[in-house]
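Participant: There's a structure below that I have some questions on.
The values are calculated or read from the model by the stated rules, or taken from the named source; none is laboratory data. Remember, predicted model here, so these are calculated numbers, not experimental data. Quick reminder, even Gly has a Cβ in these numbers, built from the backbone with ideal geometry, and neighbours come from all protein chains shown. In case anyone asks, the SASA skips ligands and DNA or RNA and just uses the protein heavy atoms, side chains included. Shrake-Rupley method; radii C 1.70, N 1.55, O 1.52, S 1.80 Å.
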Amino acid sequence: MTEQTSPRPTVLRIAMNGITGRMGYRQHLLRSILPLRDSGLVLEDGTKVAIEPILVGRNEEKVRELAKLHNVDEWTTDLDSVINDPSVDVIFDASMTSLRAATLKKAMAAGKHIYTEKPTAETLEEAIELARIGRDAGVTAGVVHDKLYLPGLVKLRRLVDEGFFGRILSIRGEFGYWVFEGDIQPAQRPSWNYRKEDGGGMTTDMFCHWNYVLEGIIGQVKSVNAKTATHIPARWDEAGNEYKATADDAAYGIFDLETPSGDAVVGQINSSWAVRVYRDELVEFQVDGTHGSAVAGLRKCVSQQRGNTPKPVWNPDLPVTEAFREQWAEVPANADLDNGFKLQWEEFLRDVIAGREHRFGLLSAARGVQLAELGLQSSAERRTLDIPEIAL
């Protein structure tokens, strides 16, 4: 699509579907759109555009309460009405995965710009179809790639761009925490996450994230070898009823990567909702290269240069005396790094106003769905699978 030449809008009306959920409410409404409503969206030339949210959800009582709590004038339980409302500019979706593709198709068919959580669809075929529809509709489509905007990964990407690592050898990720079963203590995640028939599962959920993280930090993902597991076979839902967990709650993946310069890199990411945390953050990535290494979490990033690397000696007969964590230096931000969700919202909305493509669109999302699909297939067939390129 080419940048628009028509007059810029002075107001963007955004229908937000799924804001009664944890991510939709906290990260997208509370921490992103409401602050933008209060401040206005500042464009590249310094002018401002007003932001007007419209809250959308299936639970009338919850949506009404949120609208009242945050002084939002418009809310509805009728998603189709806002999709077909000519005054609405953007449809945002953070609802259940199983409902998402149909919502996005309707919105783009109505000429609406879309911004959406992941995965965009339950199958690769449907995700590719969405990318084709978006291309043909000429709308601006954005997919949440929040982790690339987080301070820790911004610093990590900067080290890559500066050549800090030399030749990159590997990237290792650890993600997860203990999600309570729900019998004694309430679960921190919704029950549908653990039902395959409702679109749940660790691989489906997180491999979409890992694809764009690996692409954004290292390069193209060329193959996957995964092992999935359902470690907790029974859980309790929001009403206190026991149910069978039919989806995987952990996924262990090994990925062959290729940098833009053609170097081979080994990736490894463990993802689990049945693990207890012994690290500084809930997710951490370590990149090792010939000239240095770095470890990044959501906010913090530390590094160790080749010249400052100590020379440990393996001796199991003596206690460890080296304070390994103290041998790393913190990477400074050197900038004011705002909330990552809000930063991507701002970038996406500027692209909407300019009439240009968003850099993280539906094709990127399709590659994430593809990696999840192949990860599940790899685990089922117990083999490494190559990842073919997607063509629209």
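Participant: Which of the following residues is modelled with pLDDT under 95 and surrounded by fewer than 24 Cβ atoms within 10 Å (Cβ to Cβ): LEU159, LEU99, LEU148?
Facilitator: LEU99
Participant: Within segment 222-237, is there a residue that is at positive phi and more than 20 Å from the chain's Cα centre (by Cα)?
Facilitator: No - not one qualifying residue is present in segment 222-237.
Participant: Which residue pairs have Cβ atoms closer than 8 Å, lie 6 or more positions apart in sequence or on different chains, and pair a first residue in segment 188-203 that is in a loop (DSSP other than H, G, I, E, B) with a second residue that is open to solvent by 30 Å² or more (accessible area, probe 1.4 Å) and of a type in the set (A, V, I, L, M, F, W, C)?
Facilitator: GLN188/PHE180; GLY199/MET96; GLY199/TRP192; GLY200/TRP192; GLY201/LEU376
Participant: Given the conditions (1) within 24 Å of the chain's Cα centre (by Cα); (2) assigned to a helix (DSSP H, G or I), and given that ALA391 satisfies all but one, which numbered condition is not satisfied?
Facilitator: ALA391 satisfies all of (1) within 24 Å of the chain's Cα centre (by Cα); (2) assigned to a helix (DSSP H, G or I) except (2).
Participant: Of the conditions (1) in a loop (DSSP other than H, G, I, E, B); (2) in contact (Cβ under 8 Å) with a residue 24 or more places away in the chain; (3) over 27 Å from SER293 (Cα atoms), THR228 clears all except one; give me its number.
Facilitator: Among (1) in a loop (DSSP other than H, G, I, E, B); (2) in contact (Cβ under 8 Å) with a residue 24 or more places away in the chain; (3) over 27 Å from SER293 (Cα atoms), THR228 violates only (1).
Participant: Right, next: What's the number of the condition VAL82 fails, among (1) among the β-branched types (Val, Ile, Thr); (2) buried (at least 23 other Cβ atoms within 10 Å of the Cβ); (3) within 19 Å of the chain's Cα centre (by Cα)?
Facilitator: (3)
Participant: Any residue that is open to solvent by 50 Å² or more (accessible area, probe 1.4 Å) and more than 22 Å from the chain's Cα centre (by Cα) - is there at least one of those in segment 356-376?
Facilitator: no
Participant: What residue, of PHE324, PHE255, PHE285, PHE348, is open to solvent by less than 70 Å² (accessible area, probe 1.4 Å) and either closer than 27 Å to PHE180 by Cβ or at pLDDT below 95 (or both)? Talk me through it step by step, then tell me what you get.
Facilitator: Details: PHE324 fails: open to solvent by less than 70 Å² (accessible area, probe 1.4 Å); PHE255 fails: either closer than 27 Å to PHE180 by Cβ or at pLDDT below 95 (or both); PHE348 fails: either closer than 27 Å to PHE180 by Cβ or at pLDDT below 95 (or both).
Going through PHE324, PHE255, PHE285, PHE348 in turn, just one is open to solvent by less than 70 Å² (accessible area, probe 1.4 Å) and either closer than 27 Å to PHE180 by Cβ or at pLDDT below 95 (or both): PHE285.
Participant: Condition first: assigned to a loop (DSSP other than H, G, I, E, B) and either in contact (Cβ under 8 Å) with a residue 12 or more places away in the chain or among the aromatic types (Phe, Trp, Tyr) (or both). Now tell me which residues in segment 127-162 satisfy that.
Facilitator: GLY138, VAL139, THR140, VAL144, HIS145, LEU150
Participant: Still on this model: Looking at (1) outside any loop (DSSP other than H, G, I, E, B); (2) over 30 Å from THR290 (Cα atoms), which is the one condition that is false for SER170?
Facilitator: Here SER170 clears every test but (2).
Participant: Among the residues of segment 18-53, write down those that are open to solvent by 40 Å² or more (accessible area, probe 1.4 Å), closer than 19 Å to ASP146 by Cα and hydrophobic (A, V, I, L, M, F, W, C).
Facilitator: Scanning segment 18-53 gives MET23, LEU30.
Participant: Kindly provide the set of residues from segment 108-119 that are touching a Ser or Thr at 6+ places or on another chain (Cβ under 9 Å) and either open to solvent by less than 10 Å² (accessible area, probe 1.4 Å) or part of a helix (DSSP H, G or I) (or both), ordered by number. Don't jump to the end; show me each part of the working.
Facilitator: Step one: of segment 108-119, the residues touching a Ser or Thr at 6+ places or on another chain (Cβ under 9 Å) are 113-119.
Listed by number, the residues that qualify are ILE114, TYR115, THR116, PRO119.
Participant: Considering only segment 150-173, I want to know if a residue exists there that is of a type in the set (A, V, I, L, M, F, W, C), in contact with a helix residue (DSSP H, G or I) (Cβ under 7 Å, 6 or more places away or on another chain) and more than 21 Å from ARG279 (Cα to Cα).
Facilitator: yes
Participant: A further question on this structure: With VAL302, VAL331 as the choices, which residue is buried (at least 17 other Cβ atoms within 10 Å of the Cβ) and free of Cβ contacts under 8 Å to residues at least 40 places away in the same chain?
Facilitator: VAL302
Participant: Further question on the same structure: Is it fair to say ASN308 is over 30 Å from GLU357 (Cβ atoms) and of a type in the set (S, T, N, Q)?
Facilitator: Here the answer is yes, as ASN308 does meet what is asked.
Participant: Quick check on this structure: which one of ALA141, ALA127 is of a type in the set (A, V, I, L, M, F, W, C), within 21 Å of GLY340 (Cα to Cα) and open to solvent by less than 30 Å² (accessible area, probe 1.4 Å)?
Facilitator: Testing whether each residue is of a type in the set (A, V, I, L, M, F, W, C), within 21 Å of GLY340 (Cα to Cα) and open to solvent by less than 30 Å² (accessible area, probe 1.4 Å) leaves just ALA141.
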